[in-house]
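All remarks here apply to the structure that follows.
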Amino acid sequence: MLRHSIRFRLNEILLSMSDAIDMISPQLNRHHQKVAYLSYRIASEIGMSLEQQRLVLMQGLVHDIGALSVDERLSLIEEEQPDAVNSHAFRGARLLSKCRPLKALADGIRYHHLRWDYGRGMEFLGRPIPINSHILHLADRVSVYFDDAPNVITKSSKLMEHFSKGENTRYSPMLLEALAELAKREYIWLEMSDREPIQYLPDYVMEFGKHDLDDFLQMARMFSRVIDFRSRFTATHSAGVAHTAGKLAELSGMSADERKMMLIAGYLHDLGKLAVKNSILEKPSKLSINEFDVIRSHSFYTYKLLSGIEGFHTINQWASFHHEKLNGAGYPFHLKGEQIPFGSRVMTVADIFTAVIEHRPYRNGVDKQQVRGIFEKLVKNGEVCEAAVDTLVGNLDVFVELCNREQQLAAEDYESFFSDEETAVLV
Ligand SMILES: [Fe+2]
Ligand SMILES: [Fe+2]
Ligand SMILES: [Fe+2]
């Protein structure tokens, strides 16, 4: 059993979040790692402290966390549209500012598309703007400029020609000077164009500290919003699954820490859905076989994304095996019986329960009698765990009420996430 003293490394958590966000748009080719890499190089070139260098590196890893659709993401690689690009920055900052362990990242990200504008970009509506925002802005644009470079070295020698056009309006001259220095060093551009730019940074720079289970729970909850808010139809799913699974864990006699682990696993179980296109997620009718095959890949990607976090093995299994079935007919690993840990069995029951009682594009949720019938059949077929089902069905009123309440809260969060109060000031 996991002891409360276990701590998770923030660099591994952020790298896995960064990879997850980049899965939404593979065309962008590790955009977040590139921006993080270059932001760090610029910060170190202008002599910022190690702490500040780390902060901008962390911000780079998740800077577009508020851009949830592929279209929105692809529009970010084109010329900047002041209002449109700012709304994803504001939304990302709003998500992060509500998450205590990542709160410090919010401010720099909120303004990462603000123009320098002859120094006017040092403030916005009377608020001082962190230099990190301007670093991220420049690194972001340079990384987009490099994305399709046939020859990186040739392109790096032309870099300043491109970026000194309109320099005083868009970017800080001090940062452009730093960029000009970096432009002379081929290795920087070769490293940045590699598949994993971050691997070239010294280990001590990637020391972001460690976090306990409670902090991780907050981060998982925040990230569940990124997973769910891509579509109105999934907007509250992970919240329902997490709390159903957490309550099942509690009623099954698992410890308080294990309940937290179950909540985390529930929040992240569909992480791999970031690799599935919105057109499939939002399809108003039943899926075709091909589309269903695409969906079936998602729990594999959840497994892959979470496997980079040390100490996370159990939570990863609970999250990623939620489509495995006791009789071996599940996916993607086709595990059987004892190969499926109890926590994963609980997750499967929580996922099915949440899915059948919530409304989907092509059908309404089912009533309690139907829930009983569905699970009875699943147990009879040897697909799901009888003990977990007994706990659920034996307390059905509690679970329906809990799941509805948590999904209602998530729905309110969804509405406020897309409300434009803050961004309205930009128009
Ligand atoms: Fe952005
Ligand atoms: Fe970006
Ligand atoms: Fe799933």
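Tell me whether region 44-65 contains one or more residues that are modelled with pLDDT under 95 and touching a His at 6+ places or on another chain (Cβ under 8 Å). Yes. Which ones in region 312-361 are farther than 17 Å from E386 by Cβ and of a type in the set (K, R)? R360, the sole residue that qualifies. Of the residues making up region 321-369, those that are without any contact (Cβ under 8 Å) to a residue 40 or more places away in the chain, exposed (fewer than 15 other Cβ atoms within 10 Å of the Cβ) and among the hydroxyl-bearing types (S, T, Y) number 0.
Yes or no: region 163-180 includes at least one residue that is in the same structural domain as P26 (by TED's automatic domain parsing), touching a Leu at 6+ places or on another chain (Cβ under 8 Å) and farther than 19 Å from H113 by Cα. Checked against the condition, which is being in the same structural domain as P26 (by TED's automatic domain parsing), touching a Leu at 6+ places or on another chain (Cβ under 8 Å) and farther than 19 Å from H113 by Cα, region 163-180 yields no hits at all.
The listed residues are E338, E324, and the only one of them that is part of a helix (DSSP H, G or I) and either of a type in the set (D, E, K, R) or within 16 Å of ligand 2 (Cβ to nearest atom) (or both) turns out to be E338. Is at least one residue of region 60-68 touching a Pro at 6+ places or on another chain (Cβ under 6 Å), part of a helix (DSSP H, G or I) and closer than 12 Å to D140 by Cα? The answer is no, given that none of the residues of region 60-68 is touching a Pro at 6+ places or on another chain (Cβ under 6 Å), part of a helix (DSSP H, G or I) and closer than 12 Å to D140 by Cα. Of all residues in region 98-113, those that are crowded, with 18+ Cβ neighbours inside 10 Å and part of a loop (DSSP other than H, G, I, E, B) total 4. Filtered by the rule that a residue be within 17 Å of the chain's Cα centre (by Cα) and of a type in the set (V, I, T), region 255-294 gives I264, V276.
Of the helices (runs of 4 or more DSSP H) lying entirely inside region 193-268, none contains at least 1 residues that are on the phi > 0 side of the Ramachandran plot and outside the structural domain of K155 (by TED's automatic domain parsing). Considering region 85-119, the residues that are near ligand 1 (Cβ under 10 Å from one of its atoms) and over 17 Å from D413 (Cα atoms) include one that is modelled with the lowest pLDDT, namely V85. If I ask for residues that are assigned to a helix (DSSP H, G or I) and acidic (D, E), which ones from region 287-311 would you list? Scanning region 287-311 gives E291, D293.
The values are calculated or read from the model by the stated rules, or taken from the named source; none is laboratory data. Nothing here was measured: the structure is a model prediction, and the numbers come from that model. No Cβ is skipped: glycine too gets one built from the backbone with ideal geometry, and neighbour counts run over all protein chains shown.
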